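To start, the structure under review is shown below, and the notes come after it.
The values are calculated or read from the model by the stated rules, or taken from the named source; none is laboratory data. Everything numeric here is computed off the predicted structure, so don't read it as measured data. Note: ideal-geometry Cβ built from the backbone for every residue, glycine included; neighbour counts use all protein chains shown. Note: accessible area is taken over every heavy atom of the protein model, side chains too, but ligands, DNA and RNA are not part of it. Shrake-Rupley method; radii C 1.70, N 1.55, O 1.52, S 1.80 Å.
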Amino acid sequence: MNHPKSQLVVIWILFCSLLTLSCISEQERMTGKFTQFLKEYEGKVIPLSRETSLASFEASITGNDSLYKKSEELQFELSKIFTNKQDFALLKEIKESNTISDPILKRQLEIIYLGYLGKQLDEQKIKKIIEMQTDVEKRYNVFRAVLDGKPYTDNQIEEILQSSTDSKVLEKAWKASKEVGKNVAEDVLKLVHLRNDAARDLGFANFHTMQLQLSEQDPQEIEKLFDELDNLTRQAFAEVKEEVDRVLSKKYGIKPDGMQPWHYQNRFFQEAPKIYSVNLDQFYKDKDLVEITQRYFAGIGLPIDDLIAKSDLFEKEGKYQHAFCTDIDREGDVRVVCNVKPNYQWMNTMLHEYGHAVYSKYNDRTIPYTLRDAAHTFTTEAIAMLFGAMASNPYWLRDMLGVPPEQLEKIAQDCFKSLRLETLVFSRWAQVMYRFEKSMYANPEQDLNNLWWDLVEKYQMIKRPAGRNEPDWAAKIHVALYPAYYHNYLMGNILASQFYYTISQQVLQQENVTEQSFTDHPEVGKFLDEKIFKPGARYGWNEMIEKATGEKLTAKYYARQYVE
Ligand SMILES: [Zn+2]
């Protein structure tokens, strides 16, 4: 039977409107489900996160055991929320329905979904991994390098490497420090297998790609970025490395081509040897670092008096010895822990930590809790690094401390040269770490001792000691305990340069970028607040960077600042 055309059209229209109707209701249904989920989720997560952060802050400033215990328990409670199987199934259903169209809801869904996904690993496997990690961590902690029958701490080994000029002593100290690798290598490798196994259960190729994808980093894009950086830094690094070899070999009374891994004043050559004569401590020895930090941030329009009042900044018995910043409630209660001494290192640290702090303080309280966070851990690291670096910026010393022009000229060159050396050395070292981890998780059965030294030779341009076949990769604690994270440090550096150029050129309209200290320029704070702090995690990190700087993350400015 033949339908007249008009009848077909009517049927078609009816069919379409039914389809649209059912789509709308599906969309409404899912939106309703997710909104309900959010309400319950926030009801649990917001108060528990606050309590957890407070407990961990209190524990670290007092060193009190029962507070540490409480903080650990709360942390466990908090992470348990994300292991819930029913909740995850619901989130998965909503996500796969692809019906959430409101951008704010959609973004929350993405973030919360990934938070749950990372915690869906098999419970037994997780338990095994945590047990092994704890055991391995203890072995790193108690390890002491033994020299002539005497135990040495890491700090003492570093001191020998920095001060001795006797190649025999240096070699002994360096080799003794690597013994920890032999102690743990076998178990680290077991951990790698366990982590891979757990990641494959969730459908990831291996643990490394899982970690990247869980933090919204496309493994191929990261690889591209590291290749780009390798190309940009190779020549410049080769040149400074030659200078390092020339200066240090002279100091040790050897030929430049006789330089060995123990001749670089650091166990891993991750920090720059001191070959330039710049003493930054002299500028800080009689200064009030807290007051300077306060004045500087007020000057750029981001006052921190309220944060200083809640922070714990000086040494105390039993207190945690390093520094950190914690956002207690995403409602403006942001605190810093430091152990301030009047020297360069602590000036850098104060500016760094309060960089993190302003990122948190100036979040947008009108957007939902989940989005009141940094776009990525490396984006807040970038802001922290941008400010931390001011402590060795001669123009900042001039503007904030009144260092006179004649002194400025003398130190400017050396300051710049040491910063450049530091950056290039770290950049090449981070290449080794990133590529080693990536390759190890892709194929843990390969000859890892050899892989490590192949990478050290290629990226750090240090020759392996003749005939060395030891698990030197396992001597680096991050490989064992903070897996697949190291690349973020370098990405933070790259982004700090990109922000520095954006602010200097687009906000301050200055061409001589490296001479900018931002001192008393409230428009800098305004820019950071509007373009970086307020958006929070509303956009993916690369979208945020593009909106703020006009370009996606690029190594171009990093190269311009340190290479060209
Ligand atoms: Zn930091």
The lysines whose Cα lies under 28 Å from the Cα of Lys127, excluding any fewer than 8 residues away in the same chain, are Lys44, Lys69, Lys70, Lys80, Lys85, Lys92, Lys119, Lys138, Lys182, Lys190, Lys438, Lys476
Looking at the chain, do any whole DSSP H helices span at least 27 angstrom along their long axis by alpha carbon and average -1.0 or above on Kyte-Doolittle, and which?
5-62, 167-201, 219-252, 405-442
In square angstrom, what is the accessible area per residue of the chain with a 1.4 angstrom probe?
47 Å²
Spatial separation of Cα centroids for region 349-374 and region 19-85, in angstrom:
19 Å
Nearest-20 debye value, the chain charge dipole, Cβ charges on Lys, Arg, Asp, Glu
740 debye
Please give me, ordered by residue number, the GluC sites (Glu not before Pro) of region 422-496 that lie in loop per DSSP and have at most 13 other Cβ atoms within 10 Å.
Glu445
Interchain or sequence-distant (5+) residues whose placed amide H lies within less than 5 Å of the amide H of Phe82 are none
Under 15 Å between alpha carbons, and skipping anything fewer than 8 positions from Lys285 in its own chain: which aspartates and glutamates qualify?
none
Computed [θ] at 222 nm, deg cm²/dmol, the chain (DSSP H ≥ 4; -39,500 (n - 2.57); rounded to nearest 500)
-21000 deg cm²/dmol
Mean Cα-pair separation over length for region 279-401, i.e. relative contact order, pairs under 8 Å, 6 or more apart, %
26 percent
Do you know the relative contact order of region 190-330, to the nearest whole percent, from alpha carbon pairs under 8 angstrom that are 6+ apart?
8 percent
Per-residue accessible area, 1.4 Å probe, largest first, puts Arg464, Arg372 in the order Arg464, Arg372
In whole angstrom, the spacing between the Cα centers of region 233-269 and region 504-545 equals 37 Å
In percent, what relative contact order does region 387-540 have, based on Cα pairs under 8 Å that are 6 or more apart in sequence?
23 percent
At 1.4 Å probe size, with the rest of the protein present, what percent of the exposed accessible area of region 375-490 is carbon and sulfur atoms?
52 percent
Rank by packing, highest mean first: peptides 362-371, 312-321, 469-478, 75-84, with packing defined as the count of other Cβ atoms within 10 Å averaged across residues.
469-478, 362-371, 75-84, 312-321
On the protein heavy atoms, probe 1.4 angstrom, tell me the percent of accessible surface of region 117-200 carried by carbon and sulfur.
49 percent
Given a Förster distance of 41 angstrom, what is the FRET efficiency for Val169 paired with Tyr113, based on the Cβ-Cβ distance and rounded to 0.05?
0.15
Share of antiparallel DSSP beta bridges in the chain, in percent to the nearest 5?
90 percent
Can you put Cys325, Cys415 in order of accessible area, largest first, using a 1.4 Å probe?
Cys325, Cys415
Below 16 Å, Cα to Cα, which lysines can Lys274 reach? Residues fewer than 8 away in the same chain don't count.
Lys241, Lys250, Lys251, Lys417
